[in-house]
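Some notes on the structure that comes next.
The values are calculated or read from the model by the stated rules, or taken from the named source; none is laboratory data. Predicted model only: the values in this text are computed from it and were never measured. Here Cβ is always computed from backbone atoms with ideal geometry, including for glycine, and neighbour counts include all displayed protein chains. The area values use the complete protein model at the heavy-atom level, side chains included, leaving out ligands, DNA and RNA. Shrake-Rupley method; radii C 1.70, N 1.55, O 1.52, S 1.80 Å.
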Amino acid sequence: MCGICGFVEPMGRVVDADMVLRMTQAMFHRGPDDEGFFLDGEVAMGFRRLSIVDLARGHQPMSNERETVWVVFNGEIYNHQELREQLVARGHVFATQSDTEVLVHLYEEHGMELVHQLRGMFAFAIWDRERREMYLARDPFGIKPLYYTHTSSEFAFASEVRALRATGRVSAKLDAQSMWDYFTFQYVPDPQTMYSSIHKLPPGHYMRYKKGQIQITRYFRPSFLSDTEGGLEVHIERIQSALRESVRLHMSVDVPYGAFLSSGVDSTAIVAMMREVDADVNTFSVGFDDEYGTRNELEAARATARQLQTRHHEVSISLPTFLETLPKMLVALDEPIADVSACALYFVAELAAREVKVVLSGEGADELFAGYPIYHEPNSLRVFEHLPPSVRMRIGKVARLLPDGMKGRSFLERGAVPLERRFVGNAKIFSEDAKSELFAKHSYVHSSFAVTDEVYQDQTSAGDITRMQLVDLQTWLPGDILMKADKMTMAHSLELRVPFLDKRVFAAATALPEHLRIHGQTTKYALREAVRPIVPEAAARRPKLGFPVPVSKWLEHSLKDHIRDVISASPVREYLNLRYVDELFVHHARGRQAAWRELWTVFTLAMWAMPSTESVGADQQRLSVRREA
């Protein structure tokens, strides 16, 4: 796991070596073990290394024998040994055991079609010296981030926003559309970022840059099989075989490793399969001081660790510690993600980094195997399916006349709305109407439904549960789940690996018919049945919790005044209707409306934008918003 960066100067200007040094220094936490640079006229590439495999010889940037192809690479290629054997058979000579070198020789053989042969997580850049072309690529699921900026005067890329900001050439202006979308999704969806001049290369894409022009190609689009063969037992066998192999491959390291352990089935299954390979596995859990009776996973995780006989470590976080650390967490995220579980990840990663250098985790299981409770909704709303649109519209109008909080109102409202307009991912914080009230200034933006419309239009014949999963796979998973996982672990120089997001596991999951994903009231039905023989029964049955953070209760008590103060002092306050924000506080305090998610989303952006929050670049304190005419 590493940090990569680079840039190409326009008009053939010679690169500024100090600039690439500043970029790599801004990502020191991603790779404290080594650094490297490559300069070639108008091109520079930089690298920070967290040594995991072939510790002595994995230095980057790395080249072929003739030094005509250079690469910087962040991630792990789990089938690199198999690929290496194929390349050696074709006459390629290797100087290291590093998976990075496989990329160089694959490029020589296949060009950028090499991405189809990779099994792993990756973000990399390849400089072809003879063609004077730069290529960027990101893995199919978006496990590793990759940012870039492209204007008439520059092209640069990096693993983190702060590295691009360290060039001193990238504007600090916020993007109006990105802010609008953030308040729907609680993160900024790909390919945008909160900055108008910085973009993310989307998952499953690669880019070609040459002579000031970029061309982006999509090489992977997730889909589920429409016709599948075999009953439950056949699918269980496929899942078991694929997941066991993936876990074994993800354990291929030359450094100490462990796993995050919550109370749920995903991380428990990973740990149980690790124990089949290694008798000595470290596990790590986090909880929060529980003065308000909020659910805390530590006890359940501790019991699971005892049953699986792991070397268990845990930490419990108080509210003062949480608040003291929050600015550091927001800096680590690069841009605001209002998912409170990111905070839990930060603390458990800090704990794990004291003992190990690599952790395995359960991210991706919910999206692949249908683990979120909201995936029940298509079945519960089936009664509305055959009603004419005009009738459903009238039902919706009647529902909105019912008192807030009245039992059945939400059911009627959601049933009256087509899937494409009620589900935009696992989180929907503010509706379009609510954002119109929240924003004091909101002109020149389009509806956030544009983010998911393309997915829905591409999958018109799939079932509703499948379409919801595909939305989450292409938006929520890379934008929230994987982004916060990468940033919170790398903040502590810890590599996180996700065995569920593997090609073979994905194939097993997408072969499942919907009734084996959601079965009655059971989510992830086939996965639960597949791992039932090896996990404690309580974990196999337990509903999803994640790493719960008691923000809702804190908002009713000790956190309320702090959040008010931050929002009132933040530079983003001028774009917000503070009277509407005050109403959210009142509704939450009186129990009329559970508004903690909305308030936390506003607070996260406000805190992130505060001048006192550490950030790279002196002009971070002079944030402004660009509007498109």
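The figures follow:
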| quantity | calculated |
| --- | --- |
| Matching residues in segment 376-397 - criterion: being within 34 Å of the chain's Cα centre (by Cα) and either outside any helix (DSSP H, G or I) or among the charged types (D, E, K, R) (or both) | Glu377, Leu381, Arg382, Glu385 |
| Residue check for Ala365: within 30 Å of Ile239 (Cβ to Cβ), modelled with pLDDT of 95 or more, surrounded by 14 or more Cβ atoms within 10 Å (Cβ to Cβ) and of a type in the set (A, V, I, L, M) | yes |
| Pairs, first hydroxyl-bearing (Ser, Thr, Tyr) in segment 233-248, second buried (at least 16 other Cβ atoms within 10 Å of the Cβ) and part of a helix (DSSP H, G or I), C-beta under 7 Å, six or more apart | Ser246/Arg504; Ser246/Val505 |
| Complete set of residues in segment 278-297 that are touching a strand residue (DSSP E or B) at 6+ places or on another chain (Cβ under 8 Å) and either modelled with pLDDT of 90 or more or open to solvent by less than 10 Å² (accessible area, probe 1.4 Å) (or both) | Asp280, Val281, Asn282, Thr283, Phe284, Ser285, Val286, Gly287, Phe288, Glu297 |
| Filter result for Leu381 (among the hydrophobic types (A, V, I, L, M, F, W, C) and open to solvent by less than 60 Å² (accessible area, probe 1.4 Å)) | yes |
| Lone qualifier among Glu82, Glu101, Glu67 - being open to solvent by 70 Å² or more (accessible area, probe 1.4 Å) and under 25 Å from Phe220 (Cβ atoms) | Glu82 |
| Pick from segment 481-509, criterion β-branched (Val, Ile, Thr) and assigned to a helix (DSSP H, G or I), ranking: nearest to Leu333 (Cα to Cα) | Thr489 |
| Residue ID - most open to solvent (accessible area, probe 1.4 Å), chosen from residues in segment 449-469 that are within 19 Å of Leu201 (Cα to Cα) and touching a Ser or Thr at 6+ places or on another chain (Cβ under 9 Å) | Val451 |
| Hey, Gly3 surrounded by 22 or more Cβ atoms within 10 Å (Cβ to Cβ), within 22 Å of Arg169 (Cβ to Cβ) and not aliphatic (A, V, I, L, M) or not | yes |
| Among residues of segment 575-584, those that are closer than 16 Å to Lys435 by Cβ and either open to solvent by 60 Å² or more (accessible area, probe 1.4 Å) or without any contact (Cβ under 8 Å) to a residue 40 or more places away in the chain (or both), counted | 4 |
| Single residue of Gly6, Gly75 found to be of a type outside the set (D, E, K, R), over 22 Å from Arg129 (Cα atoms) and not in a helix (DSSP H, G or I) | Gly75 |
| Scan of segment 413-431 for residues that are at pLDDT 90 or above, closer than 23 Å to Pro403 by Cβ and assigned to a helix (DSSP H, G or I), ordered by number | Arg422 |
| Met121 being surrounded by fewer than 23 Cβ atoms within 10 Å (Cβ to Cβ) and among the hydrophobic types (A, V, I, L, M, F, W, C) | no |
| Qualifying residue in segment 13-36 (condition: open to solvent by 40 Å² or more (accessible area, probe 1.4 Å), β-branched (Val, Ile, Thr) and modelled with pLDDT under 95) | yes |
| Subset of segment 193-240 [under 30 Å from Ala176 (Cα atoms), touching a helix residue (DSSP H, G or I) at 6+ places or on another chain (Cβ under 7 Å) and outside any strand (DSSP E or B)] | Thr193, Met194, Ile198, Pro203, Gly212, Tyr219, Pro222 |
| Selection from segment 548-581 of residues that are modelled with pLDDT under 90 and not in a helix (DSSP H, G or I) | Pro548, Val549, Pro550, His557, Ser558, Leu559 |
| Exclusive hit being in contact (Cβ under 8 Å) with a residue 60 or more places away in the chain, open to solvent by 20 Å² or more (accessible area, probe 1.4 Å) and closer than 25 Å to Gly31 by Cβ, set Val359, Val348, Val331 | Val331 |
| Filtered residues of segment 37-64 (kept if open to solvent by 20 Å² or more (accessible area, probe 1.4 Å), part of a loop (DSSP other than H, G, I, E, B) and small (Gly, Ala, Ser)) | Gly41, Ala56 |
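Residue by residue, here is whether (1) open to solvent by less than 10 Å² (accessible area, probe 1.4 Å); (2) assigned to a strand (DSSP E or B); (3) of a type in the set (Lys, Arg); (4) in contact with a strand residue (DSSP E or B) (Cβ under 9 Å, 6 or more places away or on another chain) holds:
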| site | (1), (2), (3), (4) |
| --- | --- |
| Gln97 | no, no, no, no |
| Leu106 | yes, no, no, no |
| Arg131 | no, no, yes, yes |
| Phe141 | no, no, no, yes |
| Pro145 | yes, no, no, yes |
| Tyr148 | no, yes, no, yes |
